2 protein chains.
Amino acid sequence: MSERSVVHAWRDVLAKHAVTSCALERELSEHHQLGMSEFEVLERMVEGGQDKYRVQEVADAVHLSQSACSRLIARLEKAGLVCRGMCEADRRGVFVLITDEGRARHAAALATHRAVLESVFAPRPQPAGI
Amino acid sequence: MSERSVVHAWRDVLAKHAVTSCALERELSEHHQLGMSEFEVLERMVEGGQDKYRVQEVADAVHLSQSACSRLIARLEKAGLVCRGMCEADRRGVFVLITDEGRARHAAALATHRAVLESVFAPRPQPAGI
DNA sequence: TTGCATTAGATGCGCCTGCATGTATTGTTG
DNA sequence: CAACAATACATGCAGGCGCATCTAATGCAA
């Protein structure tokens, strides 16, 4: 892969990331009181199929630092979308569980999220002659 | 493009962005006292071929808000890498010029930047049998 | 020209992030 | 077991970002 291709690939990532994350942040927070990262965490927990997750596990899934994820989970807990529980096996650890309200909020926001993604990654061609 | 493809494409962008921006931030700031966005601005000014740029023009090029870009340019100016000048034609406006020191800093950081990009977008295959 | 909408850029503010560090617990080594 | 390294998560802190707003200058209409 040539240097020009590499640079081009990176700039494409930058552009798509900027447009998409900005739109997601706006749409999700306006219509569902969720930030992009909040949605991302809920989504991974819904899709993961497990009932409980470790904090670091969540952080890895959404590409956040452990500290950012710890605070993010605290925000979600405060909003009633997840809850934290002590891990009996390793009492340093914490389990994070998604609540029914968390599942509901994720389900409600899903269409908004997907609509933004499609507008960036699969834009519908404009019909000619408007 | 199916919904699954769209979601996959977005997650790929998220992953690449996280890994690359994190690495760039670390490497550039450690070796060249530059943040990723600072480098990006210098690069666009070097490549653009113009001698002066409007603030909004720079903001668009690097996908930053006007306010973020205004502060970023202030940091670069403080570091002596660009300078700001009044725009005679429209006295609301400001011209941003890259200095020789700015060009030098960009040139010095270029190899580091490209090395990070290659490590993510064109990783060299590990020779077998280590 | 006067008055008002618009535009360029700077700045106050609050939020989120990563890094460094703190606290508690677990593992390991002598 | 005692001492110490390692691990899991929380938290203090500083920095960057976007949004809203402010100021100054411009453009346009009456």
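Of the residues making up the range B:38-55, those that are touching a residue at least 12 places away in the same chain (Cβ under 8 Å) and either more than 12 Å from DNA strand D (Cβ to nearest atom) or surrounded by fewer than 20 Cβ atoms within 10 Å (Cβ to Cβ) (or both) are B:42, B:43, B:44, B:45, B:46, B:48, B:51, B:52, B:53, B:54, B:55. Assuming residue B:4 fulfils every condition listed in (1) modelled with pLDDT under 95; (2) within 13 Å of DNA strand C (Cβ to nearest atom) apart from one, which condition is it? Looking at each condition in turn, residue B:4 falls short on (2). Taking the range B:38-84 as the range and being within 14 Å of chain A (Cβ to nearest Cβ), within 8 Å of DNA strand C (Cβ to nearest atom) and among the acidic types (Asp, Glu) as the test, no residue passes. Scanning the range A:63-95 for residues that are touching a Leu at 6+ places or on another chain (Cβ under 8 Å), hydrophobic (A, V, I, L, M, F, W, C) and more than 10 Å from DNA strand D (Cβ to nearest atom) yields A:64, A:76, A:81, A:82, A:83. The single condition from (1) away from DNA strand C (no atom under 16 Å from the Cβ); (2) over 12 Å from the mean Cα position of the chain (by Cα) that residue B:98 fails is (1).
Here residue B:10 fulfils each of the conditions (1) away from chain A (no Cβ under 12 Å); (2) surrounded by 14 or more Cβ atoms within 10 Å (Cβ to Cβ) apart from (1).
The values are calculated or read from the model by the stated rules, or taken from the named source; none is laboratory data. Just so you know, these numbers come straight off a predicted model, no measurement behind them. Ideal geometry is used to build each Cβ from the backbone, glycine not excepted, and the neighbour counts take in all protein chains shown.
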